[in-house]
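Below you will find the structure I want to go over with you.
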Amino acid sequence: MIGLGTYAFFWEHSDRVETPLSLIGAFERTRELDVDLFQVCDYAPLLSMSDAELRAAALSARRLGLTIELGTKGVAPEHLRTFLRLADVFDAGLVRSMLYAPGFRPSLDEAASLLGEVMPDFEAAGVTLALETYEQVPTSALVELIDGIGSDRLGICLDPANVVAALETPKAAVERCAELTRNIHAKDFAFARQEGWVGFTYSGAPMGEGLHNYPHLLETVRPAERGINEVVEHWLPWQGDAETTIRTEREWTTTALHHLRSTR
């Protein structure tokens, strides 16, 4: 299933616009684009919403016919159990996380112990925990960690763009993670020369116009065949003003959806 996530509305959610888009507003925009999946990922207001606000958001998603996934950072058991409770509110079958959270960077052994403590709760709830690939943890170490825990409900959120900063290639990350992949963050990326030709900027690109060999990912991971959702997000730099930035963000979303749908 192709979906959108909060990172597809990064600037529109932010305080750099006059009226930030609400979570329910993002749900409604997602339905307007004929998309059936939304991933609420690293959305800070989620943890400060009241029970009534959470129920209202979940009801809105149901009325719109949206499947919801959640996303956070870290592997502290109580924090992950909080997201299990939120998953129950939203009928979410997947929680994306990362090994590190602000102020908490466990060793791989510590992470294995923490995940070993909490994974029985995910298994009992029938919810998958997908740890994202990113530059702070070598992909080989992430794969080894997940293999060592050996839970059917623990896998990888594959984002090949993130590993480049650690001098890993996206192609190698895709191939290394394919078997364990349970979720995909779909965005394109490219390098551009900085002014003066000194160094490069590594940033986002409209889907299909950057360096991401998405056909290779589809062939290797086989998301449609395996029921793995592809969640659109962007690395869009600020475009100088709010109006231009929001317009460009929406254009990138439309481009990404068209590109992903054309592969079906």
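Percent relative contact order of the chain, based on C-alpha pairs within less than 8 angstrom and at least six residues apart? Could the numbers behind the result be given before it?
Values: 447 pairs, mean separation 47.8, N = 264.
Relative contact order here is 18 percent.
Follow-up. Out of the DSSP beta bridges found with both residues in the chain, what percent are antiparallel (nearest 5)? Before the final figure, lay out each step's value.
Working: 8 of 35 bridges.
Bridges in the chain that DSSP calls antiparallel: roughly 25 percent.
A further question on this structure: Once the convex hull of the C-alpha atoms of the range 130-233 is built, how many Å³ does it hold per residue, rounded to a whole number? Walk me through the numbers on the way to the answer.
Working: hull volume 9.8 nm³, N = 104.
Residue-normalised Cα hull volume stands at 94 Å³.
Which shape class applies to the range 89-180: rounded if a/c is under 1.5, otherwise prolate when a/b exceeds b/c and oblate if not, where a ≥ b ≥ c are the square roots of the Cα gyration tensor eigenvalues? All intermediate terms of the calculation are to be shown ahead of the outcome.
On the way: a/c = 1.72, a/b = 1.45, b/c = 1.18.
Here the range 89-180 falls in the prolate category.
While we're looking at this one, here's another question. Percent antiparallel among DSSP beta bridges with both residues in the range 74-191, to the nearest 5?
Values: 2 of 13 bridges.
Roughly 15 percent of the DSSP beta bridges within the range 74-191 come out antiparallel.
I've got another one for you. Do the sum for the chain: with -39,500 (n - 2.57) for every DSSP H run of n ≥ 4, divided by all residues, what is the mean residue ellipticity at 222 nm, to the nearest 500 deg cm²/dmol?
Values: 10 runs with 111 residues, N = 264.
Value at 222 nm, helices only, nearest 500: -13000 deg cm²/dmol.
Ranking request for peptides 145-151, 110-116, 232-238: highest mean number of other beta-carbon atoms within 10 Å first, then the rest in descending order. Walk me through the numbers before you get to the answer.
On the way: 145-151: 14.7, 110-116: 17.7, 232-238: 20.3.
Descending mean neighbour count gives 232-238, 110-116, 145-151.
Note down the relative contact order for the range 126-210 as a percent, whole number, built from C-alpha pairs under 8 angstrom at least six residues apart. Please list the in-between numbers first.
Working: 128 pairs, mean separation 22.0, N = 85.
Dividing the mean separation by the residue count of the range 126-210 yields 26 percent.
Could I ask something else about it? Report the percentage of all Cα-Cα pairs in the chain whose separation exceeds 33 Å, rounded to a whole percent. Please list the in-between numbers first.
On the way: 6040 of 34716 pairs.
The proportion of pairs with Cα distances above 33 Å equals 17 percent.
For Glu132, what residues show an amide H to amide H distance below 5 Å, using hydrogens built from the backbone and excluding near sequence neighbours?
Residues meeting the criterion, in which the H sits 1.01 Å from N, are Ser97, Met98, Leu99, Cys157.
Check which residues have an amide H placed less than 5 Å from Leu94's amide H, if you skip close sequence neighbours.
Amide H neighbours of Leu94: Leu70, Thr128.
Putting +1 on Lys and Arg Cβ atoms and -1 on Asp and Glu Cβ atoms, find which of Met119, Leu23, Gly65 reaches farthest to the positive end of the dipole of the range 2-262.
Gly65
None of the figures in this text is laboratory data; all of them are computed from the coordinates on show. Source: prediction; values computed, not measured. A quick note on method: Cβ atoms are made from the backbone with ideal geometry, for glycine too, and the neighbour counts reach across all protein chains shown.
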